[in-house]
Amino acid sequence: MDRMPDSQAPRTDSAQVRITRVRAGALAPKPQDDHVAEETPVALEFNGISHATMLATPADLEDFAMGFALTEGIVGSASDVRGIELRPQCDGIVVELEIATACAVRLRERRRAMAGRTGCGLCGVETLPEVLRDVPSVTANAPIAVGAVLRAMREMRTRQSLHDLTGATHAAGWARLDGTIERVREDVGRHNALDKLIGALAREGRDASAGMILVSSRASFEMVQKAASAGAGVLAAVSAPTALAIRTAQRANLTLLGFMRQADASIYTHPERIVP
């Protein structure tokens, strides 16, 4: 089961603030307490190489670092990550990863090729081929009942404790083929939430292809790319996919669903994997 926040320990993923509410056009007579999601600069360093700084919710950062390293192609497997340390600094957090020498050499070559040029701002990625890199075709897993996908999305919504508290975060979840949610991660960024989820699965040695990934956001190209790189055969999103996301899912043999609403959904690619 997911670890639950210790009610006796202060939360690091949210903060309490005072607000004045407006209801039906009228000001409330006095301020009230409310909660907002934390957003913190998180710098990722690989063997001392500064690679990217993201704004993220400061929880499950070891999962985030592992998932980012995997989905961005910096490492090939969880075993390539030898250690992860968190180092608070100024008003942010530096996450230091020790990775295999071969992975570090490739990363240094990537950074050297970028020196002196204007980057595109996509997490240290410089060229279009790097952004649109191919991902391995996922292995087709067992058929999944449409009711299991719908049930998993509904269950994930009940597990979004930070969203319930703040209303400001996205979630990514992994469910077994029968629709039972096993892991949920939340973050202010939808990509961060998915990286945290994939990192959690990798650190636990779970096979992502043995279930399905669900996200509380739209299905962008990057979300499809990350899910496919993790080996998941199904990605279900609350909102719409983009055309590039659909083309990428089709090539990667990934079943992509969108507009998940209670008992409704749209299947955009590989519908043969979803059965009555």
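The values are calculated or read from the model by the stated rules, or taken from the named source; none is laboratory data. Every value quoted in this text rests on a predicted model; they were computed, and no experiment measured them. Cβ placement follows ideal geometry from the backbone for every residue including glycine, while neighbour counts extend to all protein chains displayed. For accessibility, only protein heavy atoms count, side chains too; no ligands or nucleic acids. Shrake-Rupley method; radii C 1.70, N 1.55, O 1.52, S 1.80 Å.
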Original post:
Which numbered condition trips up L122, out of (1) open to solvent by less than 50 Å² (accessible area, probe 1.4 Å); (2) closer than 22 Å to A232 by Cβ; (3) at pLDDT below 95?
Top reply: (1)
**OP:** Could you tell me whether S216 is at pLDDT 95 or above and of a type in the set (G, A, S)?
**Re:** yes
Original post:
Looking at segment 173-220, which of the residues that are of a type in the set (A, V, I, L, M, F, W, C) and within 9 Å of the chain's Cα centre (by Cα) is nearest to R157 (Cα to Cα)?
Top reply: V215
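Are any of the residues in segment 24-43 open to solvent by 40 Å² or more (accessible area, probe 1.4 Å), of a type in the set (A, V, I, L, M, F, W, C) and touching a helix residue (DSSP H, G or I) at 6+ places or on another chain (Cβ under 8 Å)?
The answer is yes; a qualifying residue exists.
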Subject >> Residues of segment 52-84 classified as open to solvent by less than 60 Å² (accessible area, probe 1.4 Å), farther than 15 Å from N192 by Cβ and not in a helix (DSSP H, G or I), total >> reply: 7
Subject >> Selection within segment 20-47 - free of Cβ contacts under 8 Å to residues at least 12 places away in the same chain and not charged (D, E, K, R) >> reply: V22, A24, G25, A26, L27, A28, P29
**OP:** Name every residue in segment 46-72 that is β-branched (V, I, T) and farther than 18 Å from I213 by Cα, in order of residue number.
**Re:** I49, T53, T57
Subject >> Residue selected from segment 233-273 under the condition in contact with a Lys or Arg (Cβ under 8 Å, 6 or more places away or on another chain), more than 23 Å from R133 (Cα to Cα) and surrounded by fewer than 18 Cβ atoms within 10 Å (Cβ to Cβ), by the criterion modelled with the lowest pLDDT >> reply: Q262
Original post:
Say we look at segment 183-208 and pick out the residues that are acidic (D, E) and in contact (Cβ under 8 Å) with a residue 60 or more places away in the chain; which of these is most open to solvent (accessible area, probe 1.4 Å)?
Top reply: E186
